[in-house]
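The values are calculated or read from the model by the stated rules, or taken from the named source; none is laboratory data. As the structure is a prediction and not an experimental result, all values here were calculated from the model. Note: ideal-geometry Cβ built from the backbone for every residue, glycine included; neighbour counts use all protein chains shown.
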Amino acid sequence: MDARLIRDTAADGAWNMAMDEALARVVGETGVPVIRFYRWSEPTLSLGYFQSYGQRQSHQASQDCPVVRRNSGGGALLHHHELTYSLAIATGTYPREQSLYDILHGSLCQSLANQEICANQWGRPTDTTRESEFLCFRRRTSPDVVVGDWKILGSAQRKRRGVVLQHGSLLLATSACAPELLGIAELAHPLDENALVNDWVDALKHSLNWTMVPSIADTGEREMAQSIRNDRFLKREWTERRA
């Protein structure tokens, strides 16, 4: 199966969330999976869909950061020194015996090993003592990728109209906006991000039996993303919908 591979430029939080949503809608029409890698143009706090907006007051280090609310669940993420991926795929077009979390996370562990970084999936039951933590990277669930006891990759999903949208964040280094979290640079050593993405894509190709076709968002997709950005992700009614 062919899949689109988009290696995008950095953008603000509202645009990144809107582009993920636009691409998911396109997948619903075409059935062609899309995987996108991107960065953030400024340190940004993203809230999980079900999180209370008021909870952000509990995290002082990120008070000056802009806030966006995701479509997916999970804990809050501080997007700064990190790499984000999103995958939009029609349900039923990936191996049912293995979850998308395991496919994406397992392939990352292989790729990190190529740079002499020992990472594994947590592989244990959800740590219920951490379920109330505000930040995603303070929580632990079985598919999470860890170096030692430190979580470096977490992902969340949303399923709608026959399409799964999964996105996740790979913590590359500590941010002053979330100093309690350690990234790969602190836990091991700085990595070659370009080489990592290349290896990750290669591992995914083998896991999913896909041909990755380099792509960019076309004019129609960008216009759709702009509309979604304006109508949802820039609106206070969306961001602060759960007080």
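For the reader, a short list of remarks on this structure follows.
- Cross-chain or 6+ apart pairs with Cβ under 8 Å, region 154-179 first and small (Gly, Ala, Ser), then surrounded by fewer than 19 Cβ atoms within 10 Å (Cβ to Cβ) and assigned to a strand (DSSP E or B): GLY162/ALA90
- Candidates in region 137-166 are the residues that are in a loop (DSSP other than H, G, I, E, B) and charged (D, E, K, R); of these, the one that is surrounded by the fewest Cβ atoms within 10 Å (Cβ to Cβ) is ASP149.
- Restricting attention to region 111-130, the residues that are small (Gly, Ala, Ser) and either more than 20 Å from LEU204 (Cβ to Cβ) or part of a loop (DSSP other than H, G, I, E, B) (or both) add up to 2.
- Residues in region 144-189 that are at pLDDT below 95 and over 30 Å from GLY31 (Cβ atoms): ASP149 only.
- Residue match in region 85-92 (condition: in a loop (DSSP other than H, G, I, E, B) and over 24 Å from PHE137 (Cα atoms)): yes
- One residue from ILE117, ILE89 being over 24 Å from GLN51 (Cα atoms), crowded, with 16+ Cβ neighbours inside 10 Å and touching a strand residue (DSSP E or B) at 6+ places or on another chain (Cβ under 6 Å): ILE89
- Scanning region 187-243 for residues that are free of Cβ contacts under 8 Å to residues at least 40 places away in the same chain, more than 23 Å from GLY92 (Cα to Cα) and either in contact with a strand residue (DSSP E or B) (Cβ under 7 Å, 6 or more places away or on another chain) or part of a loop (DSSP other than H, G, I, E, B) (or both) turns up PRO190, ASP218, LYS235.
- Hits in region 30-57 (condition: in a loop (DSSP other than H, G, I, E, B) and within 14 Å of HIS167 (Cβ to Cβ)): PRO33, ARG39, GLY48, TYR49
- Test: residue in region 71-80 that is touching a residue at least 12 places away in the same chain (Cβ under 8 Å), touching a Ser or Thr at 6+ places or on another chain (Cβ under 7 Å) and either more than 19 Å from GLY13 (Cβ to Cβ) or not in a strand (DSSP E or B) (or both): yes
- Single match in PRO43, PRO33, PRO95 (criterion: buried (at least 16 other Cβ atoms within 10 Å of the Cβ) and farther than 16 Å from ALA217 by Cα): PRO43
- Of all the criteria given as (1) without any contact (Cβ under 8 Å) to a residue 60 or more places away in the chain; (2) surrounded by fewer than 19 Cβ atoms within 10 Å (Cβ to Cβ); (3) over 16 Å from GLN166 (Cα atoms); (4) among the polar types (S, T, N, Q), the one not satisfied by GLN110 is (1).
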